[in-house]
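A.B. asks: Here it is: the structure, laid out below.
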Amino acid sequence: MKTTIVDSPASLEHRLPDGHPEHAGRYTAVREALEAVPVSDWLTAQQAPVEALARFHTVQHVDRVLSACAEAGEDDWVALDADTLVRGPSARAALSAVGGALMAVDGAVEDGEGAYFVLARPPGHHAEPDQAMGFCLFNQVAIAARHALDVHGLASVAIVDIDVHHGNGTQCLAERDERVHFISLHQAPLYPGTGSAGETGLNGNVVNIPLPEGTGSEAWRMAFEAEVIPALRRAQPALVLVSAGFDAHADDPLAGFRLTDEDYAWAAQQLAGIAREFAFSRLVSVLEGGYDCPALARSACAFVQALAEA
Ligand SMILES: [Zn+2]
């Protein structure tokens, strides 16, 4: 598959206090590792316009985050929740992460095909329309979905969330917009506590697959084949978006799944197959979590390499 990386170097500007798991070294580790993967192109993310954010977030939320950044200045932090903090330059990082996701959607839709991997932080899938939480300021994948629907006029999109945590923010979008199909595999119980199988959205456009601590490759792949693939076939999306978190890896310190690097290559192959079958080979993946840097870098490489070879 023609595969493009959208790189957001502004990710480095979102610096957090020492010891915070969502640190800038995550970006650097993935960036360096991806240089060895033969892809078609590298693009550099531009900052998203505020109007694009308002397709998912409230204007008050956007104002609150950007005002907190301005208030923090260059050398101090303002906390938006217990573990979600910003400095002044965090605004550039967050807006560029969204801009990268929009650029990827534009590329996939305008070229008519192609896999895109958006290398950016902070992550986004916990950010709700009116709330920053769980390290997330703006919800890149939800904003990108609305951009594909409202700007490009696609009839429907699917968002597959393979991060080990439930994408509560993204689910909020599907609960308000039937054109969005949200499918999440995640550990339960675990932060943020949402994502039970009984949460089914509007006419079944939300599919949650909670799995217990200790879930390994075999059980995860079985659940993917039994539930994610059929849900995608039912959705028949015109674009597949992926919340590509790599914290379900066995080495990750924040959760208890037991996936390997190879599982991410396998998932990429499955997703590329669905994108080819239903979505004109349009597949946009956005980096979410992953907190053991070596495992994160290897897993992201395995994922992108498998897309390029698909
Ligand atoms: Zn996560």
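The values are calculated or read from the model by the stated rules, or taken from the named source; none is laboratory data. Keep in mind the model is a prediction, meaning the values are calculated, not measured. Using ideal geometry, Cβ is built from the backbone for each residue, glycine included, and neighbour counts are taken over all protein chains shown. Remember, those area values only see protein heavy atoms, side chains included, never the ligands or the DNA or RNA. Shrake-Rupley method; radii C 1.70, N 1.55, O 1.52, S 1.80 Å.
A.B. asks: For ALA108, what charge total do you get from the other residues with a beta carbon under 13 Å from its beta carbon, if Lys and Arg give +1 and Asp and Glu give -1?
C.D. replies: Working: positive: LYS2, ARG276, ARG282; negative: ASP41, ASP106, GLU110, ASP111, GLU113.
The answer is -2.
A.B. asks: Next question, about the same structure. Which sequence of LEU211, LEU43 reflects their accessible areas, 1.4 Å probe, from the largest down? Show your work: numbers first, answer last.
C.D. replies: Working: LEU211 25, LEU43 55 Å².
Putting LEU211, LEU43 in descending order of accessible area: LEU43, LEU211.
A.B. asks: Show that you can apply the helix-only estimate: for the chain, add -39,500 (n - 2.57) for every DSSP H stretch of four or more residues, divide by all residues, and state [θ] at 222 nm to the nearest 500.
C.D. replies: Calculated at 222 nm, the ellipticity per residue is -12000 deg cm²/dmol.
A.B. asks: I would also like to ask the following. Taking each full run of DSSP H in the chain as one helix, which ones are at least 30 Å long along their axis (Cα atoms) and have mean Kyte-Doolittle hydropathy of at least -0.5?
C.D. replies: Span-like helices here: 90-111.
A.B. asks: HIS126: net charge of surrounding residues, Cβ under 10 Å, Lys/Arg +1, Asp/Glu -1, itself excluded?
C.D. replies: Taking every other residue near HIS126 into account, the sum is -4.
A.B. asks: In nm, give the distance between the simple-model label positions of SER196 and ALA36, each being 7 Å from the Cα along the Cα-to-Cβ direction.
C.D. replies: Those two pseudo-labels are separated by 4.5 nm.
A.B. asks: Further question on the same structure: List residues of region 13-32, by number, whose backbone nitrogen lies under 12 Å from a label position 7 Å along Cα→C-beta of GLU309.
C.D. replies: Within reach of a label on GLU309, which here means backbone N under 12 Å from a point 7 Å along Cα→Cβ, region 13-32 contributes nothing.
A.B. asks: Carbon-plus-sulfur fraction of the accessible area of the chain, 1.4 Å probe, in percent?
C.D. replies: 49 percent
A.B. asks: Note the full-extension length gain between SER217 and ILE229 as 0.36 nm times their separation in residues minus their Cα-Cα distance, in nm to one decimal.
C.D. replies: 2.7 nm
A.B. asks: Rounded to the nearest 20 Debye, what is the dipole magnitude of region 3-309 about its Cα centre when Lys and Arg each give +1 and Asp and Glu each give -1 at the C-beta?
C.D. replies: 520 debye
A.B. asks: Something else now. On full extension of the chain, what length is gained from THR44 through ASP18, given 0.36 nm per residue of separation minus the C-alpha to C-alpha distance?
C.D. replies: 6.6 nm
A.B. asks: Could you do me a favour and compute the accessible area per residue for the chain, 1.4 Å probe, result in Å²? Before the final figure, lay out the partial values.
C.D. replies: Details: 10910 Å² over 310 residues.
Computed with neighbouring chains in place, this is 35 Å² per residue.
A.B. asks: Only Cα pairs under 8 Å and at least 6 apart count here; give the relative contact order of the chain as a rounded whole percent.
C.D. replies: 21 percent
A.B. asks: With the crude spin-label approximation of a point 7 Å out along Cα→Cβ, what separation in nm comes out for VAL151 versus GLU262?
C.D. replies: For VAL151 paired with GLU262, the spin-label model returns 4.0 nm.
A.B. asks: What is the distance in Å between the Cα centroid of region 245-310 and that of region 84-151?
C.D. replies: Centre-to-centre (Cα) distance: 18 Å.
A.B. asks: Using the per-residue mean of other Cβ atoms lying within 10 Å as a proxy for protection, in what order, highest first, do the peptides 49-59, 268-278, 4-14 fall?
C.D. replies: In decreasing order of mean packing, 49-59, 268-278, 4-14 become 4-14, 268-278, 49-59.
A.B. asks: Using a 1.4 angstrom probe with every protein chain in place, what is the largest-first accessible-area order of HIS61, HIS152?
C.D. replies: Largest accessible area first, the residues go HIS152, HIS61.
A.B. asks: Just ALA155, ALA267, ALA68 to compare: in a GNM of the chain, with alpha carbon springs under 10 Å, which one fluctuates most?
C.D. replies: Looking only at ALA155, ALA267, ALA68, the largest GNM fluctuation is found for ALA155.
A.B. asks: What Kirkwood hydrodynamic radius do you get for the chain when you take the inverse of the mean 1/r over all pairs of distinct Cα atoms, in Å?
C.D. replies: Answer for the chain: a Kirkwood hydrodynamic radius of 18.6 Å.
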